[in-house]
1. Any idea of the accessible area per residue across the chain, 1.4 Å probe, to the nearest Å²?
2. Please report the antiparallel percentage of the DSSP beta bridges confined to the stretch 35-120, to the nearest 5.
3. Cα gyration tensor of the chain, axes a ≥ b ≥ c as square roots of the eigenvalues: rounded (a/c below 1.5), prolate (a/b > b/c) or oblate?
4. Are there chymotrypsin sites (Phe, Trp or Tyr not before Pro) in the stretch 27-127 that DSSP marks as loop and that have at most 13 other Cβ atoms within 10 Å, and which are they?
5. Go ahead and set up a Gaussian network model of the chain, Cα springs under 10 Å, then flag whichever of Arg12, Arg171, Arg55 fluctuates most.
6. Using a cut-off of 12 Å between beta-carbons, work out the net charge of the residues near Lys110 (Lys and Arg +1, Asp and Glu -1, Lys110 not included).
7. Answer with one residue from Leu97, Ile126, Trp153: the one whose Cα lies farthest towards the positive end of the charge dipole of the chain, charges on Cβ with Lys, Arg +1 and Asp, Glu -1.
8. Relative contact order for the chain: what is it in percent, counting Cα pairs under 8 Å that are at least 6 residues apart?
Amino acid sequence: MQQYFEVRWHGRGGQGAKTAALLFGEAAMETGKYIQAFPEYGPERTGAPVKAYNRLSDGPIRIHTQVTDPDVVVVLDASLLESINVTEGLKKGGAILVNTQEKAEVIKKKLDVSDAKVAVVDATKIAVEILKKNVPNTVMLGAMVKVTGALEWDSALASIEAKLSEKFRGRKEIIEGNVKAIKKAYDEVEVA
């Protein structure tokens, strides 16, 4: 049976969960991986809970279902911890990464997780400080690359920067700000 590396992203409409999944998937594709990056559609309105997914493999991916047993769960908004079981299906030995001001040990206890790594980073603070707006999605990519080791740091950062350069052509401050924020999250992520 083929092995996949799977990620489930939780966020709220407008926080960029879909965009983060696409950027992560494209960075993985540039390393030679086969990828899937897709959102789960529902009531897409600002503030509504949303999910996005990644599936990575060394060979072609022949399944087209949502990710039910992720290796990693990324939570862009800690308020979702109160209303959604973000640990549902998380594989033993997996990881959960939460955008929060709280310490990793506090989140680990709150989620009652004993068989997975719990990591935290205050991506909102980093985004507001550097980007001047509360958009934690790209910031979380830096922390995710460090926590999971799924991608090599330098190539992942170069790929993300290239994609941001395409999207924000001519807006150097946005590109440089995002890269700086990603690096800061990579340096500041805390793991329990």
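1. Details: 9540 Å² over 192 residues.
Solvent-accessible surface per residue comes out at 50 Å².
2. Working: 6 of 14 bridges.
Around 45 percent antiparallel, to the nearest 5.
3. On the way: a/c = 1.37, a/b = 1.07, b/c = 1.28.
Here the chain falls in the rounded category.
4. Working: sites: Tyr34, Tyr41, Tyr53; in loops: Tyr41.
Passing both the DSSP loop test and the Cβ count: Tyr41.
5. Looking only at Arg12, Arg171, Arg55, the biggest GNM fluctuation is shown by Arg171.
6. Numbers: positive: Lys103, Lys108, Lys109; negative: Glu82, Glu102, Glu105, Asp112.
Summing Lys/Arg as +1 and Asp/Glu as -1 gives -1.
7. Ile126
8. Working: 389 pairs, mean separation 40.7, N = 192.
Relative contact order, the chain: 21 percent.
The values are calculated or read from the model by the stated rules, or taken from the named source; none is laboratory data. Model, not experiment: these values are computed from the prediction. Using ideal geometry, Cβ is built from the backbone for each residue, glycine included, and neighbour counts are taken over all protein chains shown. When the accessible area is computed, the model is the full protein with side chains, heavy atoms only, and any ligands, DNA or RNA have been set aside. Shrake-Rupley method; radii C 1.70, N 1.55, O 1.52, S 1.80 Å.
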